[in-house]
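The values are calculated or read from the model by the stated rules, or taken from the named source; none is laboratory data. Nothing here was measured: the structure is a model prediction, and the numbers come from that model. We place every Cβ from the backbone using ideal geometry, glycine too, and count neighbours over all the protein chains shown.
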């Protein structure tokens, strides 16, 4: 039996449904047909909210980046220095664990230079720069450090999601060791 059609869908409801598909089945399964089926509507109805699959991918990227920010921001409250870097690092990796499809969507905007995508990403960068302020990094050096931290966290998350860590070792301990090495490297530079 098909789900009952929904009247007056809001974009956030649509993106949440797309995120559920992505988290369970992978981002490649987020198609207009699959999304419409999940929502109990006809695929053409989705064109009221975005321009085809490319528009959906853009909205999902922005949605995912905003979800990531909402996970990171509270982890940085009331902490600073090493503790703050460890907190946002754990929040980042935990977000990727809980929402692998939504996390993947953050990287799949059709045009990463799009102003709306850039604006969403800027919040994450600004938060990261604020967390790294304790290390007295300014200007480009702060941005290089943010890139480095993101590279570590994305690499760790991607390897974990693809099953790349087969050894019987606690992944959270591995992450903590890696982040502490990053912190020590920032102090040494």
Residue under evaluation residue 113, criteria (1) surrounded by 14 or more Cβ atoms within 10 Å (Cβ to Cβ); (2) within 21 Å of the chain's Cα centre (by Cα); (3) outside any helix (DSSP H, G or I), criterion not met: (1)
Condition check for residue 130: without any contact (Cβ under 8 Å) to a residue 60 or more places away in the chain, under 21 Å from the mean Cα position of the chain (by Cα) and within 28 Å of residue 20 (Cα to Cα): no
The one condition in (1) in contact (Cβ under 8 Å) with a residue 12 or more places away in the chain; (2) closer than 24 Å to residue 22 by Cβ; (3) surrounded by fewer than 13 Cβ atoms within 10 Å (Cβ to Cβ) that residue 172 fails to fulfil: (2)
Options 68, 53; residue that is free of Cβ contacts under 8 Å to residues at least 60 places away in the same chain, surrounded by fewer than 20 Cβ atoms within 10 Å (Cβ to Cβ) and assigned to a helix (DSSP H, G or I): 53
Some residue of region 151-161 being touching a helix residue (DSSP H, G or I) at 6+ places or on another chain (Cβ under 6 Å), at pLDDT below 95 and surrounded by fewer than 18 Cβ atoms within 10 Å (Cβ to Cβ): yes
Filtered residue count, region 77-104, keeping only those that are free of Cβ contacts under 8 Å to residues at least 12 places away in the same chain, within 21 Å of residue 178 (Cα to Cα) and outside any helix (DSSP H, G or I): 1
Residue tally, condition within 21 Å of the chain's Cα centre (by Cα) and assigned to a loop (DSSP other than H, G, I, E, B), over region 158-179: 4
